[in-house]
Amino acid sequence: MRSLLPLFPILVILLGIFGSLVLLGVLREKIGEETNQSNSGDPLNLATVAAQSDLARKLGVRADEILVVSSQVVDWPDASLGCPQPGAVYAQVVTPGFSLLLESAGKLFEYHTGEAESATETPIVDCTDHPAPSRGTPRESV
């Protein structure tokens, strides 16, 4: 035990360096996520980030592997965002949002979104397998 005592300060220093490197990596990753999700607060960009993140989570891939094929600014006829679910009740109010067509590994996915202040608050609906999604009414600008 006595022979290990001189190594104790070196061990403490190494643990400190390792801990700092781990913390730095976590901080870099967190800052990168916040940068990707905020991106100047542009509603279309926020909706796109939300949809890509949702699809990436479902497919088990990275969000940057999800391609945006098309995007359109629309007004949805109600709060269902053009993809009403059977038995659900929705506010009957015109809802501004976006229609997004995404692609991953050669397969297309249709997403409808509303507008929000952040990607984590953006309402999104995966309408890919919906039997009759609404196309919404196109708008000129956000």
**Prompt:** Based on what the data block shows, is Glu110 within 22 Å of Arg57 (Cα to Cα), modelled with pLDDT of 95 or more and among the acidic types (Asp, Glu)?
**Reply:** yes
**Prompt:** Which residues, counting only those in region 106-129, are part of a loop (DSSP other than H, G, I, E, B) and touching a residue at least 40 places away in the same chain (Cβ under 8 Å)?
**Reply:** Glu115, Ala116, Glu117, Ser118, Ala119, Thr120, Thr122, Pro123, Cys127
**Asked** With respect to the numbered conditions (1) more than 21 Å from Glu115 (Cβ to Cβ); (2) touching a Ser or Thr at 6+ places or on another chain (Cβ under 7 Å), which one is the sole condition not fulfilled by Val73?
**Response** (1)
**Prompt:** Residues of region 83-103 being buried (at least 23 other Cβ atoms within 10 Å of the Cβ) and either among the aromatic types (Phe, Trp, Tyr) or touching a Lys or Arg at 6+ places or on another chain (Cβ under 9 Å) (or both), which ones?
**Reply:** Phe98, Ser99
**Request:** Working carefully through the options Ser104, Ser118, find the one that is modelled with pLDDT of 85 or more and under 26 Å from Gly60 (Cβ atoms).
**Result:** Ser104
**Prompt:** Under the condition of being β-branched (Val, Ile, Thr) and assigned to a loop (DSSP other than H, G, I, E, B), which residue from region 90-105 is nearest to Glu65 (Cα to Cα)?
**Reply:** Val94
**Message:** If Ser80 meets every condition in (1) exposed (fewer than 13 other Cβ atoms within 10 Å of the Cβ); (2) of a type in the set (Gly, Ala, Ser); (3) not in a strand (DSSP E or B) apart from one, which number is that one?
**Reply:** (1)
**Asked** Mind checking whether some residue in region 61-68 is within 18 Å of Leu46 (Cβ to Cβ), assigned to a helix (DSSP H, G or I) and under 20 Å from the mean Cα position of the chain (by Cα)?
**Response** yes
**Request:** Return yes when Gly87 is closer than 16 Å to Ala119 by Cβ and either β-branched (Val, Ile, Thr) or not in a helix (DSSP H, G or I) (or both) and no when it is not.
**Result:** no
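The values are calculated or read from the model by the stated rules, or taken from the named source; none is laboratory data. Everything numeric here is computed off the predicted structure, so don't read it as measured data. A quick note on method: Cβ atoms are made from the backbone with ideal geometry, for glycine too, and the neighbour counts reach across all protein chains shown.
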